[in-house]
Structure formats: C-alpha cells, structure tokens
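Contents: one structure, followed by commentary.
The values are calculated or read from the model by the stated rules, or taken from the named source; none is laboratory data. Here the structure is a predicted model, which is why all the values come from computation and not from measurement. All Cβ positions, even for glycine, are placed from backbone atoms using ideal geometry, and neighbour counts span all protein chains on display. The protein model used for the area step is the full one, side chains on, heavy atoms only, and it has no ligands, DNA or RNA in it. Shrake-Rupley method; radii C 1.70, N 1.55, O 1.52, S 1.80 Å.
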Amino acid sequence: MHAFERFRARAAEVTHDPVAWTDLIQVVKTVVAAVVAWVVASRVFGLPQPFLAPWAALLVVHATVYRSFWTGAKQVTATVVGVLLAWATGNTLGLDPVALGVMLLAGLAVSLVPWLRDEATTTAATALIVLTTGYSQQDQMLIGRLLDTAIGVGVGLVVNALVWPLLLDLSAARAIEKVGRKLGDLLDDIAVECDDVCTEEHVEVWIRRTQDLDVEVDEAWALVRQARESGRLNPRRGSAAVRESGSLGEVLGRTEQALAEIRSLARTLGHSIIDTNQWDDEFRERWTDLLRAIAHAIQDPDSRRLGEIRAELGALAWDYSNEELSGLHWPEYGGLILNLRNIATAMDRVAASDPISSASRRPARRAAL
C-alpha cells in the first residue's frame, strides 16, 4: 500500500513537472518526425528502401529549433558524406572485408575536418548501413539515398519548428530553484549542527555537499544556455523575451556566489574546530540564529526577510567590534559575519527575481512547458 502511495505521489509530481513534459514532448516529436519521413519517402515518393529518411529525421530533431538547424546540418552533412562513401566503395571495391575496412577508415577520418569532428561516427555508421544493405552501380541508387536523406531533413525541420517548438526557460528556472532549495537545506543543517557538538567530520560532509551542488550548478548553467538557445529561430510568441533575457544567468550566478560563501564558511568553522577556539556563547547563539533565519528565507524565498537579516548582521558586527576580543577571535567572527552577509545579499536578489514565476509569465507560457 505504501509503495502504491509513493507511486501515486511520484506520478502526480511528474504530471505537474514542466521539465518532464518537455522531455516527453521532445520524444513524441522525434517519433512523429521519423514516422512521417518514412511515410513520405515510401508512399509519396515510392522509394524502395527509405530507411535513410527516418534516420535523417532522428538526427535533425533536437531540443531547440536553433540546434535542429545548425547541429542538424552537421549531422546531415555527415550522413550525405556516408552515402557518397558507400556508393564510391561499392562501385570501386565491391563488398568484402578490405572494402569495408577502407570505407570505415575514410568515414572516421571525417573527424579531421573541424566542423564535422563530432560526426565521424555518424558518417561511418551511415556508410556501413548503406553499403551492407545493398549497393548498385546505377546512379539512381545514389540519387534515391540522397533523396531519402533530404526528405528526412525536411520533415524533421518542419516538425521541430512548427509543432510545439519548445521554450526552455521554465526548465532552467526549475533547475535554479532546486539548487537554491538544497542550498537552504544545507545552511539549515549547518545551523542545527553548530547548535550541538560540531566536529571535523561535520565540516567534511558540508564541503562534500557544496561540491555536489557545484555539479548541479554546472547542469543548471547548461540549461540556462539551452534556454537562451531555445528562443533563437523559434517562431513562437515570447521567443524574443527568452532569447534576450539575461535574468536566469544573473540569478544562477548569484546562487553560485552564495554556494562559494557557504564553502568558505564551512572551512572557517573547520579551522575554528582544529584550533579548538572557544566561541563566546552569546555570539554563537546570535550567529547561529541568523544562519538559521537565512536558511529559512532561502527555502521559502523571502527577499524582505533577507534584507532584515543583513541589518541584524550589521548590528552583530557593531556589537562585537566594541568588544575586547583576542586576535584569533575577531578575524574569525568577522569572517563568519561577512560570509552570512554575502549569502543574504546574493540570495536576496534571487528571491526578489523569482525566476519560476518570471518564466511562467512568458507569452504563450502554457505551450512552452
């Protein structure tokens, strides 16, 4: 019963997840493009072996219209080169192990061409399929293979550009929001453990978690770049706003800055533990309370509260600047206060920008998913 409830909860989560819908739509579009290309090649043009039409369509359909045109152009060029290689090999060397080896060597040598460096496998695979499925000395066979490819390219481009072309800014915003939420969770855990007995092992765990978040930040940057790209050559209303907006990059940059400050904070706490510095009880309590408050204001984005916390950090710094502290304590306290202020400042801008709501308000947002 519990497994069924978990399944229902997961299904509901996926149903309302725009990222999952984006992936599903892209899969459906790819399948539709491949099937339509095959139907057009086989039933409209009557080509006898139209396997390159769906192959080319699969290569062309990408997550963004812009990538379909430019990356697809490279892949299709590689396919055409593969067809020509198979035709030339079949007409000069026939089909035997030596001919196959020479052809594959030539196909993989495409990697020496900078523009096609990533498409050598596509060239070799296409040549292999065309040669082993039958070759002919008649030029009609070459023309038919190239026509197959042209049909697949055309269908793939039309389907991707005109059938629900995706705008991916909401997917990027979701990724940024996920990183921010985990960042708040980490700060909350640090506050809890600072209230108790904090050890070097705790610090190591915090630093490892920041490193894991670094990976998620890198993935979010990739989505931000893809979101901007999704607005290029996209005929949908709202694409210009996605293409020209730099807000997602700015928000993610500030989140990345806050993550770096958390790592610095963790290392400062680690040095304090190693040096067995004894904290002033009042400072520990006030600083930990502010750390916890920042965590909660990040978990449930509250720009106003983060602004208030910055003022409270200023008061804490002022109070302890008038205390007679040892040379060890004041740099340590000042560094920890500065870390929290920088985190609050960076995440204040993130909370105020509310990237998910901003992305959701794009024109034709329902179609963008």
Which condition does residue 260 not pass, out of (1) within 14 Å of residue 337 (Cβ to Cβ); (2) modelled with pLDDT of 90 or more, if it passes all the others? (1)
Filter result (of a type in the set (A, V, I, L, M, F, W, C), modelled with pLDDT of 90 or more and open to solvent by 30 Å² or more (accessible area, probe 1.4 Å)) within segment 185-237: 192, 205, 215, 221
Which condition from (1) within 24 Å of residue 35 (Cα to Cα); (2) of a type outside the set (Gly, Ala, Ser); (3) at pLDDT 85 or above; (4) surrounded by fewer than 24 Cβ atoms within 10 Å (Cβ to Cβ) is the one that residue 155 breaks? (4)
Of the residues 289, 281, only one is open to solvent by 70 Å² or more (accessible area, probe 1.4 Å) and modelled with pLDDT under 85; which? 281
Among the candidates 313, 328, residue that is at pLDDT 90 or above and more than 26 Å from the chain's Cα centre (by Cα): 313
Is it the case that segment 120-133 has a residue that's under 24 Å from residue 48 (Cα atoms), open to solvent by 80 Å² or more (accessible area, probe 1.4 Å), at pLDDT below 85 and not in a helix (DSSP H, G or I)? no
Go through segment 43-70 residue by residue and tally those that are part of a helix (DSSP H, G or I) and either surrounded by fewer than 17 Cβ atoms within 10 Å (Cβ to Cβ) or of a type in the set (Asp, Glu) (or both). 5
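Filtering segment 34-67 down to residues that are of a type outside the set (Val, Ile, Thr) and over 14 Å from residue 148 (Cβ atoms), which residue is farthest from the chain's Cα centre (by Cα)?
Just the residues of segment 34-67 that are of a type outside the set (Val, Ile, Thr), to begin with: 34, 37-38, 41-43, 45-59, 62-63, 66-67.
Still in the list and also over 14 Å from residue 148 (Cβ atoms): 62-63, 66-67.
Numbers: 62: 14, 63: 12, 66: 17, 67: 15 Å.
Only one residue tops the list, namely 66.
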Expected single match for surrounded by 15 or more Cβ atoms within 10 Å (Cβ to Cβ) and more than 19 Å from residue 180 (Cα to Cα) among 316, 259 is 316
Quick check on this structure: which one of 181, 174 is open to solvent by 20 Å² or more (accessible area, probe 1.4 Å) and within 25 Å of residue 201 (Cβ to Cβ)? 181
